[in-house]
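Structure first, then comments.
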Amino acid sequence: MDGSAVWRPGERQIAEANFTNFLARCGTDSYAELTAQVAQDIRPLNERVIEALGLHWDRPYSALLDLSRGKPFAHWFVGGAMNAAANCLDRQIALGRGETTALIAESDDQSIRSYSFRELRNEVMRLAEGLHSLGVRPGDAIAIFMPLVAETAIALLAIGYVGAVAVPAFSGYGEQALATRLIDARAQVLLTVDGTLRRGKRVSMKETADKAVALAPEVRHVVVLRRLGLDVAWDAQRDVDWEILVGSQSSEGTYERTAASDPYLLLYTSGSTGKPKGVVHAHAGFPLKVMIDQYLCFDVKPGDRMLWFTDMGWMMGPFLVLGALGLGASIVLFDGTPDYPTPDRLWSVCARHGVTHLGVAPTAIRSLMTLGDEHPRKHDLSCLRILGSTGEPWNTQPYRWFSEVVGGGRVPIINYSGGTEIGGGILGCFPTMPLAANSFHGPIPGMVADVYDVEGRSVRGIVGELVLREPWIGMTQSFWKSRDERDDQRYLATYWERFPGVWVHGDWALIEASPSSDDPDFWYIRGRSDDTINIAGKRVGPAEFESALVADPAVKEAAAIAIPDEIKGDVVVCLVVALSREMEGEEVRARLFRRIDSSLGKSLRPKAIRFVDDLPKTRNLKVMRRLARGTYLGLETLGDLSALENPSSLDAIAKHR
């Protein structure tokens, strides 16, 4: 592996970075020294980062951290009161940003709307008052089943204003997946739209919502935004027109004075077995964590504009809204497809709105780069100063394309990895230090991370389990069981029982020393632990096979899956999406085998390389390897399919069984 630096910051970038200022606040100019300080005591750093953010507390906390119930149940900001949504709006207005742009929304039909912080606050307050009129009270669960339009962000913030619990659901869910979450959350109200546009086609979301609500009897009201003017079924006893609900409401009210530990977000994660896990986040949890991460890693400042290609049902939706607005930056909501109606759609959106921070999953970049360098290059992307990525490991060729073609080689890629249960990132990069392709600089300040072998020993230079040795701001408050009860047993069994007092995240990671003493060590994510491939005792991640494959000009995408073998333990089958049918021949297959032989060695040669039409993905283009593997093996139960965007991909894989 080449760990040499592919990007280096300039002196001005270093001097003006939030991270540089924060290091000075901590009395050091060294990331390594800061990390060592945190490993000794997590409290001083967290006190300083809270001071740096300048948050508004309705009641100061009496103690930063209470560990009386142990690390898994760390209680942060004891006795404090703050409202995360108010810190995104009221606090920004108080700081003089009332007339500054807060939100820009561009939809699939290229319509654009914009709100200042004051205008956004007014719309949020009106919806909050409307929810009050429906009988919503603090602690009630309110589900959001909407595309990424302006009202979706308004909904997330209004739910925070009333002290209720937001339950964002992926806008592409079918009725059963949505119903599962409504029932588990015991949602009282569902916020939705009549329909949405996907590649120019009208899709009825109200129809899906109606079918889901029929299975979830505790839903009392369905608030419908008539976005497309579709002729939809209407239950006069239950359904409420969004515009009528908010039209008569005042914007002069105020927000609920929530406790720091009051729940604000109930985010569901998909699992390979069993029902999805309901992850509980408090007002002074997830929102603070994503502000910390954006402040230190992404260098977000007031006046910046962030676009993250995501959905409100995924963690990165609330990350975008609560993090950027909380720091006084603007958010750009892109409810569309990166290559529709033209291959340059995403790049035109970035240029049109002066996007400074662009976040895209590696899979999306792998797809976009096949369309040609000319599409990003014909737009003025000079406003970009930070590129972001999360969701899965990078391959070198797409990483370099994102950096050089989109970023012009002048801006850093902030690689970011964590999870819904984390409330943000574990590992990140900083725009003040050299970057190696596909890598992380290491733990985000506040995260005491390490890599363990199977015996629980800290290791370097070999792949091991990514772990956290101390609690952190933003960690889930156990798993949801009901409004007043948590599923502590499932939570402990999932993360804390393998190594007592240590969170085992479920990712394979590697810490590799830099070849230059002037550069930092680099961390790498090697995929999920449950994706690990064990070939004759050699443990490898799918990303290593996939990197070799996508480096070939004939390959658009690839996924490596493990197939049981009586002798070797596992063998590998590589599923490859070629750029065209003409590139699926035996000559290309033989060339791909040779690439893997050269990259990984002949002992790790795959059993087979199969050409398929598509790979199973989420809507934000994250490959779902477990579904590819289960389908290839013909498993009767594939687990949770609710995040799957393209079910037809499974049929194509099944043909190769």
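Quick rundown of the values:
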quantity: Protection-proxy order for peptides 312-321, 353-362, 115-124, each taking the mean of Cβ atoms within 10 Å per residue, highest first; calculated: 312-321, 353-362, 115-124
quantity: Cα-projected label distance for Thr337 with Glu374, points at 7 Å along beta-carbon direction, nm; calculated: 2.1
quantity: Contour minus Cα-Cα distance for Ala63 and Arg483 (0.36 nm per residue); calculated: 148.6 nm
quantity: Region 172-291: C-alpha gyration tensor shape, a/c 1.5 cut-off, then a/b vs b/c; calculated: oblate
quantity: Gyration tensor verdict on region 90-225 (Cα atoms; rounded if a/c is under 1.5, prolate if a/b is larger than b/c, oblate otherwise); calculated: oblate
quantity: At R0 = 41 Å, FRET efficiency that the Cβ-Cβ distance of Leu95 and Ser30 yields, to 0.05; calculated: 0.85
quantity: Among beta bridges that DSSP assigns inside region 353-500, antiparallel share in %, nearest 5; calculated: 65
quantity: Rg ratio (alpha-carbon, reference 2.2 N^0.38 Å) - region 1-133; calculated: 1.45
quantity: Computed over region 382-459, Kirkwood Rh from alpha-carbon pairs, angstrom; calculated: 13.8
quantity: Label-point separation, Lys211 to Arg490 (7 Å along Cα→Cβ), nm; calculated: 2.4
quantity: FRET E, pair Glu11, Asp235, Förster distance 45 Å, beta-carbon r, rounded to 0.05; calculated: 0.10
quantity: Assigned charges on the beta-carbon of Lys, Arg, Asp, Glu; region 256-380 dipole about Cα centre (debye); calculated: 200
quantity: Trp480 accessible area, 1.4 Å probe, all protein chains in place, Å² to nearest 10; calculated: 10
quantity: Portion, in percent, of the accessible area of region 223-361 that falls on carbon or sulfur, probe 1.4 Å; calculated: 48
quantity: Highest to lowest packing among 472-478, 243-249, scored as the average C-beta count within 10 Å; calculated: 472-478, 243-249
quantity: Projected area averaged over orientations for region 579-657, convex hull of C-alpha atoms, nm²; calculated: 6.2
quantity: Spin-label zone in region 133-159 - amide nitrogen under 15 Å from a point set 7 Å from the Cα of Ser250 along the C-beta vector; calculated: 133
quantity: As computed over region 122-167, the Cα convex hull volume per residue (Å³); calculated: 56
quantity: DSSP beta bridges in the chain [antiparallel fraction, %, rounded to 5]; calculated: 60
quantity: Debye log10 I(q)/I(0) at q = 0.16 Å⁻¹ for region 412-532, Cα point scatterers; calculated: -0.78
quantity: √(5λ) per eigenvalue of the Cα gyration tensor, the chain, largest first, Å; calculated: 36, 30, 25
quantity: Antiparallel content of DSSP bridges confined to region 180-274, in %, to 5; calculated: 35
quantity: Residues in region 465-505 that a label on Glu47 would reach, taking backbone N under 20 Å of a point 7 Å out along Cα→Cβ; calculated: 470-474
quantity: Estimated [θ] at 222 nm from DSSP helical runs (n ≥ 4, -39500 (n - 2.57)) normalised by residues in the chain, nearest 500; calculated: -8000 deg cm²/dmol
quantity: Distance in nm between pseudo-label sites at Asn21 and Arg186 (7 Å out along the Cβ direction from Cα); calculated: 4.5
quantity: Mean projection area, nm², convex hull over Cα of region 315-448; calculated: 8.1
quantity: Chain lengthening between Cys383 and Asp651 when straightened (0.36 nm per residue, less Cα-Cα); calculated: 92.2 nm
quantity: Burial ranking of peptide ranges 159-170, 403-414, 431-442 (average Cβ count within 10 Å, highest at the top); calculated: 159-170, 431-442, 403-414
quantity: Normalised convex hull volume, region 95-151, alpha-carbon set, Å³ per residue; calculated: 105
quantity: Per residue, in Å², the accessible surface of the chain once ligands and nucleic acids are set aside, probe 1.4 Å; calculated: 37
quantity: Förster radius 30 Å - calculated FRET efficiency between Arg581 and Ser603 (Cβ-Cβ, nearest 0.05); calculated: 0.40
quantity: Globularity index of region 450-489, i.e. its alpha-carbon radius of gyration over 2.2 N^0.38 Å; calculated: 1.68
quantity: Three-way shape call for region 225-349 based on the alpha-carbon gyration tensor, with the a/c threshold at 1.5; calculated: rounded
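The values are calculated or read from the model by the stated rules, or taken from the named source; none is laboratory data. For clarity, every value in this text was computed on a predicted model and none was experimentally measured. In this analysis, Cβ positions are derived from the backbone assuming ideal geometry, glycine residues included, and neighbour counts consider all displayed protein chains. We work out accessible area using only protein heavy atoms, side chains counted, and drop any ligands, DNA or RNA first. Shrake-Rupley method; radii C 1.70, N 1.55, O 1.52, S 1.80 Å.
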